[in-house]
Amino acid sequence: MRKPSIAPSLLAADFGNLQRDVEMVNASEAEYHHIDVMDGVFVPNISYGMPVVKAIQKSATKPLDVHLMIVDPDRYIEEFANLGASILTVHYEACTHLHRTLQAIKAHGMKAGVALNPHTNIMLLEDTIQDIDVVLIMSVNPGFGGQSFIENTYEKVKALKALIKRKKSSALIEIDGGVTTQNSQKLVEAGADILVAGSFVFKSDDPLKTIKELKG
């Protein structure tokens, strides 16, 4: 069984001890720091802005996987490149000219990700899948942590994997929302490559052990 990459979501970290939590991820078997940026418009919540991302970047020794849940993400592509993002993921639903946005992200030296809300069909990526490095499937409605997992996600992952193979794309599949050790292996079997976990990691008694267990 192949092992997924793990991207602990720092939205669930203790902001009073942010550096400690970033260093925990550095020391863990996780591959990425997942950073959710929300604007209170595209999703009904506000997370953190550039100064916090900069603070995370200073302490992080692993790549920053930045997920923009914001309207008009094109405005900030250059800024996130300067902040050291390795992957910049925008929402399909927030991009009027998705292909142009993907090209702009790559032109700034980052990997280009596209996130899909639970109601968005993966076939809408048919014309751009070859330009996408990571497809992030939301397995909860975006905006708040700690929600329960949407069961339809497995079918969506399988359909996306089939599309990636058919189009000979090298895109990775990332899952965000409600990921636990109860569903991690089933997600990997369906075709997931990267698992995002927030409260399940940071609120556990032993986050390092939890990350290891998520890898399977």
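The values are calculated or read from the model by the stated rules, or taken from the named source; none is laboratory data. Only a predicted model underlies this, so the values are computations on that prediction, with no experimental measurement involved. Neighbour counts are summed over all protein chains in view; Cβ atoms, including those assigned to glycine, are modelled from backbone coordinates with ideal geometry.
For the reader, a short list of remarks on this structure follows.
- Of all the criteria given as (1) within 24 Å of GLU93 (Cα to Cα); (2) without any contact (Cβ under 8 Å) to a residue 24 or more places away in the chain; (3) among the charged types (D, E, K, R); (4) in a helix (DSSP H, G or I), the one not satisfied by LYS161 is (2).
- Looking across segment 187-209, the residues that are under 18 Å from the mean Cα position of the chain (by Cα), in a helix (DSSP H, G or I) and not aromatic (Phe, Trp, Tyr) come down to LEU187, VAL188, ALA190, SER199, VAL201.
- Qualifying positions in segment 50-67 - outside any helix (DSSP H, G or I) and free of Cβ contacts under 8 Å to residues at least 40 places away in the same chain: ALA60, THR61, LYS62, PRO63, LEU64, VAL66
- Some residue of segment 20-31 being over 15 Å from PHE202 (Cβ atoms), not aliphatic (A, V, I, L, M) and not in a loop (DSSP other than H, G, I, E, B): no
- Any pair with Cβ under 8 angstrom, 6 or more apart, that starts in segment 175-197 at a residue that is among the polar types (S, T, N, Q) and ends at one that is surrounded by fewer than 22 Cβ atoms within 10 Å (Cβ to Cβ) and part of a loop (DSSP other than H, G, I, E, B): THR180/PHE149; ASN183/PHE149; SER184/GLY216; GLN185/MET1; GLN185/GLY216
- Selected residue (only one of SER9, SER28, SER47 is buried (at least 17 other Cβ atoms within 10 Å of the Cβ), out of contact with any helix residue (DSSP H, G or I) (no Cβ under 7 Å at 6 or more places or on another chain) and touching a residue at least 12 places away in the same chain (Cβ under 8 Å)): SER9
- One residue from HIS97, HIS91, HIS108 being touching a residue at least 40 places away in the same chain (Cβ under 8 Å) and out of contact with any Gly (no Cβ under 9 Å at 6 or more places or on another chain): HIS91
- In summary, ALA115 fulfils each of the numbered conditions (1) touching a residue at least 60 places away in the same chain (Cβ under 8 Å); (2) of a type outside the set (Lys, Arg); (3) out of contact with any Phe, Trp or Tyr (no Cβ under 9 Å at 6 or more places or on another chain) with the single exception of condition (3).
- Residues considered: THR120, THR153. Of these, the only one that is touching a His at 6+ places or on another chain (Cβ under 9 Å) and free of Cβ contacts under 8 Å to residues at least 60 places away in the same chain is THR120.
- Unique match (being surrounded by 14 or more Cβ atoms within 10 Å (Cβ to Cβ) and under 17 Å from LEU98 (Cα atoms)) among VAL135, VAL140: VAL135
- Single condition ASN141 does not satisfy, out of (1) closer than 26 Å to VAL25 by Cα; (2) at pLDDT 95 or above: (2)
- The residues in segment 31-40 that are in contact with a Pro (Cβ under 8 Å, 6 or more places away or on another chain) and crowded, with 22+ Cβ neighbours inside 10 Å can be counted, and the count is 3.
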